[in-house]
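Below: the structure, in structure tokens.
The values are calculated or read from the model by the stated rules, or taken from the named source; none is laboratory data. It should be emphasised that the depicted structure is a prediction, and the values quoted were computed from it without experimental measurement. No Cβ is skipped: glycine too gets one built from the backbone with ideal geometry, and neighbour counts run over all protein chains shown. Areas reflect the complete protein model, heavy atoms only, side chains present, ligands, DNA and RNA absent. Shrake-Rupley method; radii C 1.70, N 1.55, O 1.52, S 1.80 Å.
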Amino acid sequence: RRGRNEIQADERSTIVLLPVGDGGRRRAWRAVVVRENGTESLSILGEKGPVAANEDLAAWADSWKPARAIVVLPPSATVCRTCTLPPVQGEQLVSALRLQAETALLGGVPAHRVGLAPLPEAPGADGRQGIVLAWPESAGSPDLPKLPGYTEVRFAPTLACILALVRGLPPASPMVLADRDDGSILFVLAGRNRHLVVRSTREDSGDPDA
């Protein structure tokens, strides 16, 4: 990564691109630059949006030299599955989760577009769960604003961001995310036996009364 070293990108700074509507059927972005202050502390350095997919953000973002960009994928672009894990630990737990992911996806999504992780056991739950998140190739890749050349682009499903907020545990009250522009609706809640329940659906976004 010769270019990043020459520019001296700030490894603590990240630009986050959040999907938003631009008032029509096209996808736009909200850009937020954050810097890590510690293990669990962030500072917001700058915000901009809505930003069109063809807009040049390189000069704006260059003020903070973000080493990476995290592009948040809308729920409609990803597939999510929860699964019950056996009472094992370590590599056995990871192997069991990987096997369940392969069974659920049946090889329909390339491995580099799949993320999986065992979740913490919630208080009162009768076992651990795992989460499988996939970004099918049929969903395509979003058009992005132009970013600095030294900024490494990564992608994260919306659900992964929400799970990070609740530390992988079922939320105390149901969480709902509705996107009028693409019609996607995401539910995250605690089900029976304190297990995490995730549901994603899509409504007709062409209905103004929806």
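Taking first residues from region 127-150 that are without any contact (Cβ under 8 Å) to a residue 12 or more places away in the chain and assigned to a helix (DSSP H, G or I) and partners that are open to solvent by 30 Å² or more (accessible area, probe 1.4 Å) and basic (K, R), no Cβ contact under 8 Å between residues at least 6 apart in sequence or on separate chains turns up. Evaluation of G140 against the conditions (1) farther than 19 Å from R81 by Cβ; (2) among the small types (G, A, S); (3) touching a strand residue (DSSP E or B) at 6+ places or on another chain (Cβ under 7 Å) shows that the sole unmet condition is (3).
Would you check if P75 is in contact with a Ser or Thr (Cβ under 6 Å, 6 or more places away or on another chain), at pLDDT below 90 and either crowded, with 19+ Cβ neighbours inside 10 Å or of a type outside the set (D, E, K, R) (or both)?
The answer is yes for P75.
Take the conditions (1) under 21 Å from E11 (Cα atoms); (2) touching a His at 6+ places or on another chain (Cβ under 9 Å); R35 misses just one of them, which is (2).
Among the strands (runs of 3 or more DSSP E) confined wholly to region 13-100, which include 3 or more residues that are out of contact with any helix residue (DSSP H, G or I) (no Cβ under 9 Å at 6 or more places or on another chain)? Before the answer, list the steps.
Working: elements: 27-36, 42-51, 66-73, 79-84.
Counting at least 3 such residues, we get 27-36, 42-51, 66-73.
If you go through region 163-171 one residue at a time, do you hit one that is surrounded by 18 or more Cβ atoms within 10 Å (Cβ to Cβ), part of a helix (DSSP H, G or I), in contact with a strand residue (DSSP E or B) (Cβ under 8 Å, 6 or more places away or on another chain) and hydrophobic (A, V, I, L, M, F, W, C)? Within region 163-171 (the criterion being surrounded by 18 or more Cβ atoms within 10 Å (Cβ to Cβ), part of a helix (DSSP H, G or I), in contact with a strand residue (DSSP E or B) (Cβ under 8 Å, 6 or more places away or on another chain) and hydrophobic (A, V, I, L, M, F, W, C)), the answer is yes, since at least one residue qualifies.
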